[in-house]
Amino acid sequence: MEPALRAEGLTKAFGRLLAVNGVSLLVPQGSVHAVIGPNGAGKSTLFALLSGALRPDRGRVWLFGREATRLPPEARVRLGLSRTFQVSQVFPGLTVRENLWIALEARRGLSPFPWLRARDRVWLEERLEELLERLNLKEKADRLVGELAHGDQRVVEIGLALSLGAKLLLLDEPTAGMSDEETWRTVELLRTLREEEKLTLLFVEHDMEVVFGLAERITVMHLGEVLAEGTPEVIAADERVQQAYLGEVVPGYEGA
Ligand SMILES: Nc1ncnc2c1ncn2[C@@H]1O[C@H](COP(=O)(O)OP(=O)(O)O)[C@@H](O)[C@H]1O
Ligand SMILES: [Mg+2]
């Protein structure tokens, strides 16, 4: 099986600053991979290169086996990639149900033949109910998204990505600004989606409890480069990683 994502030698400079310097990454389908590193390490820039928001100076990107290095963001979405949480993608003035409906319809489309539209509507309605169930949003389906709690709005964003057919989610700090309770609901949701929807997850996260609770592999970036890559056990034991965080301990992780 082709990996969901492969990057080789990605490099991006801003003036004289090498924000991302020769970064390679391999993310198999169905896996959960975290990118961590101190502020300014180049994590967000790396995600921009992967999503197509920025073009690399050097290096290449493949999505599900197809080369995507020169593809714009929309074309990468069609290959199954979705980037959530950077810019809010939800329509705050519409209900949860309406938001998801728009995304589902954008993907599937209603038939141009009126006598087939009823069938399409039934399909869309069934899929919508399934999604509301899966996202735990059934009770909030008719609330305006703009009036929901921050955590729920982010869940709606994940729902939009799923509706649009995402197979690989890039999440830049998915739990930023969330309460503890919202954080753990989001972690649970991501775990469920990964299992039930066979999603591949690549995420940047500062909360080490989330990182070590969710990721199967971790890439550590420092000054634009990959400092270490491996399982949570290997990363937690890596001295260079500890040093990059200037001796910060990795909280919530008790070792193998
Ligand atoms: N658009 C930009 N123009 C100039 N410098 C940038 C730009 N975006 C990021 N940088 C710089 O690149 C480095 C990496 O930033 P970033 O990718 O945001 O790191 P991280 O997400 O790991 O905190 C930082 O030194 C940052 O100041
Ligand atoms: Mg960042």
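The values are calculated or read from the model by the stated rules, or taken from the named source; none is laboratory data. This structure is a prediction, so every number in the text was calculated from the model and none was measured. Cβ placement follows ideal geometry from the backbone for every residue including glycine, while neighbour counts extend to all protein chains displayed. Only protein heavy atoms, including side chains, enter the accessible area calculation; ligands, DNA and RNA are left aside. Shrake-Rupley method; radii C 1.70, N 1.55, O 1.52, S 1.80 Å.
Which of the residues that make up the range 164-174 are open to solvent by less than 50 Å² (accessible area, probe 1.4 Å), modelled with pLDDT under 90 and more than 15 Å from ligand 1 (Cβ to nearest atom)?
Once the filter is applied, which keeps residues that are open to solvent by less than 50 Å² (accessible area, probe 1.4 Å), modelled with pLDDT under 90 and more than 15 Å from ligand 1 (Cβ to nearest atom), the range 164-174 yields only Gly165.
What helices (runs of 4 or more DSSP H) lie completely within the range 16-122 and have 3 or more residues being surrounded by fewer than 20 Cβ atoms within 10 Å (Cβ to Cβ)?
Numbers: elements: 43-51, 73-78, 96-108.
Counting at least 3 such residues, we get 73-78, 96-108.
Are there any pairs, at least 6 apart or on different chains, whose C-beta atoms fall under 8 Å, with the first in the range 133-148 and assigned by TED's automatic domain parsing to the domain that holds Leu162 and the second in a helix (DSSP H, G or I) and of a type in the set (Lys, Arg), and if so, which?
Once the first residue is assigned by TED's automatic domain parsing to the domain that holds Leu162 and sits in the range 133-148, its partners that are in a helix (DSSP H, G or I) and of a type in the set (Lys, Arg) give Asn136/Arg185; Ala141/Arg97; Asp142/Arg97; Leu148/Lys140.
Conditions (1) within 15 Å of Met221 (Cα to Cα); (2) in the same structural domain as Glu216 (by TED's automatic domain parsing), marked per residue:
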site: Gly9; (1), (2): yes, yes
site: Leu26; (1), (2): yes, yes
site: His33; (1), (2): yes, yes
site: Gly40; (1), (2): yes, yes
site: Arg58; (1), (2): no, yes
site: Gly65; (1), (2): no, yes
site: Ala75; (1), (2): no, yes
site: Glu98; (1), (2): no, no
site: Trp101; (1), (2): no, no
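Are any residues in the range 237-256 more than 16 Å from ligand 2 (Cβ to nearest atom), part of a loop (DSSP other than H, G, I, E, B) and either modelled with pLDDT of 95 or more or not acidic (Asp, Glu) (or both), and if so, which ones?
Within the range 237-256, Ala237, Leu246, Gly247, Val249, Val250, Pro251, Gly252, Tyr253, Gly255, Ala256 qualify.
Need the failing condition index for Val77 against (1) within 16 Å of ligand 2 (Cβ to nearest atom); (2) closer than 16 Å to Leu170 by Cα, just the number.
So the condition that Val77 fails would be (1).
For the range 1-59, give me the residue count where each residue is over 28 Å from Ala236 (Cβ atoms), more than 16 Å from ligand 2 (Cβ to nearest atom) and small (Gly, Ala, Ser).
Number of matching residues: 4.
Between residues in the range 165-179 that are hydroxyl-bearing (Ser, Thr, Tyr) and residues that are surrounded by fewer than 17 Cβ atoms within 10 Å (Cβ to Cβ), which pairs lie under 6 Å by C-beta distance while being six or more apart or on different chains?
none
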